[in-house]
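The values are calculated or read from the model by the stated rules, or taken from the named source; none is laboratory data. None of these values were measured; they are calculated from a predicted model. Here Cβ is always computed from backbone atoms with ideal geometry, including for glycine, and neighbour counts include all displayed protein chains.
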Amino acid sequence: MRDFLRYPLQIEVVVAVAANSNYLTDVLVRNPESELRRATEELSVIATVVGEALFLICLEKTLVNYGINGVGFGELSGEKSVNEEFRPLLDKIRDFAVISLGKLGGGELNYSSDIDLIVVFNNNFKLPNGKEYFELLHETIILFTESAMTMTEAGFLFRVDFRLRPDGHAAPLARTLQDTILYYETRGENWERQMLIKAGFLCGNKKLYKTFIDSVTPFIYPASFFKSPTEQIAALRESMLRNIGDENNIKLFKGGIRDIEFGVQALQMLNGGKNPSVRTGNSLTAIGALTELKILNIEEADLLTEAYIFTEGLSIISNL
């Protein structure tokens, strides 16, 4: 992946070979489950590597705009050691976590998937130029979003979406870990439980990301519920159907991708408190885990798996 970033021509060659290969097409037709899983996993890896590199590039550019020139891409990524005089500042600057959600967080990114992200950090502090750390992250996120979505002759990288952050549009683009956890504990909504099932790590401080996951796990998988998650998800689904607009939407139509995910996620939330093995953002992996625990029988698991592969396959074909 790093070679692709250095030599973009290689990407064109690989894509051209893959898109025009009868052999690869035959493999996909013969073994759709393993190939779909492999394809979405590899797309997720690509998006993660490219997303991390782009975010750090944007962070470096923002630092330069702030007059901070001693910390570059190499230092931010850990590929280069930093001068000791910059070490305390670098440690503070890198004390953030970019958390992936949705298809990317679950390691099942499709060709048509958006990149859903939220950003948390530990502590705010003043930078050498007098601005505050949260301002640095805010401007980095803006530049990252613009860079990822700007159309060029070669197209654009990804559609990036930060709207799933706590409080949505009304909230800052990055907030402290403490404030984020407090939001979920006191005001978190049921759809956010589902959303966080698919939380994954994109870049930044992995220890901070792990602290985030450990903190929100009781919110996602509570020991008891005031109202059944299945009823809550059914209500969300009915609301979606009333506002669907396009009945040809593969993701949202009855029996589509979202329906399958909703059913699987309901079972995960109901059983994840006692069974950590079902705590996964990958839908096919979750179906397998639920089957191992006999929460799904073989017939149900096969039906869900086949339907998921079919609808994801339709989504891929419709976006080629």
Check residue 153 against each of (1) buried (at least 18 other Cβ atoms within 10 Å of the Cβ); (2) modelled with pLDDT under 90 and name the one condition it does not meet.
(1)
Exactly one of 267, 296 is among the hydrophobic types (A, V, I, L, M, F, W, C), assigned to a loop (DSSP other than H, G, I, E, B), outside the structural domain of residue 44 (by TED's automatic domain parsing) and modelled with pLDDT of 80 or more, and that residue is 296
Under 8 Å between Cβ atoms, at least 6 apart or on separate chains: pull out the pairs that start in segment 123-146 with a residue that is within 18 Å of residue 202 (Cα to Cα) and of a type in the set (Ser, Thr, Tyr) and end on any residue that is crowded, with 19+ Cβ neighbours inside 10 Å and at pLDDT 95 or above.
140/55; 140/58; 140/59; 140/62; 145/160; 145/162
In this structure, does residue 120 turn out to be touching a residue at least 40 places away in the same chain (Cβ under 8 Å), within 23 Å of the chain's Cα centre (by Cα) and part of a strand (DSSP E or B)?
yes
Residue list for segment 170-208, filter: of a type in the set (Lys, Arg) and within 12 Å of residue 101 (Cα to Cα)
193, 198
Residue hits (segment 39-62; within 11 Å of residue 73 (Cβ to Cβ) and in contact with a Phe, Trp or Tyr (Cβ under 7 Å, 6 or more places away or on another chain)) are 54, 55, 56, 57, 58, 60
Taking into account only those residues within segment 212-234 that are small (Gly, Ala, Ser) and either modelled with pLDDT of 75 or more or within 14 Å of residue 273 (Cβ to Cβ) (or both), which is surrounded by the fewest Cβ atoms within 10 Å (Cβ to Cβ)?
224
Considering (1) at pLDDT 95 or above; (2) out of contact with any Gly (no Cβ under 9 Å at 6 or more places or on another chain), say which one residue 167 fails and leave the rest.
(1)
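Is segment 85-97 home to any residue that is surrounded by 24 or more Cβ atoms within 10 Å (Cβ to Cβ), over 16 Å from residue 46 (Cα atoms), β-branched (Val, Ile, Thr) and not assigned by TED's automatic domain parsing to the domain that holds residue 268?
No: segment 85-97 contains no residue that is surrounded by 24 or more Cβ atoms within 10 Å (Cβ to Cβ), over 16 Å from residue 46 (Cα atoms), β-branched (Val, Ile, Thr) and not assigned by TED's automatic domain parsing to the domain that holds residue 268.
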So which residues in segment 58-94 are free of Cβ contacts under 8 Å to residues at least 12 places away in the same chain and at positive phi?
78
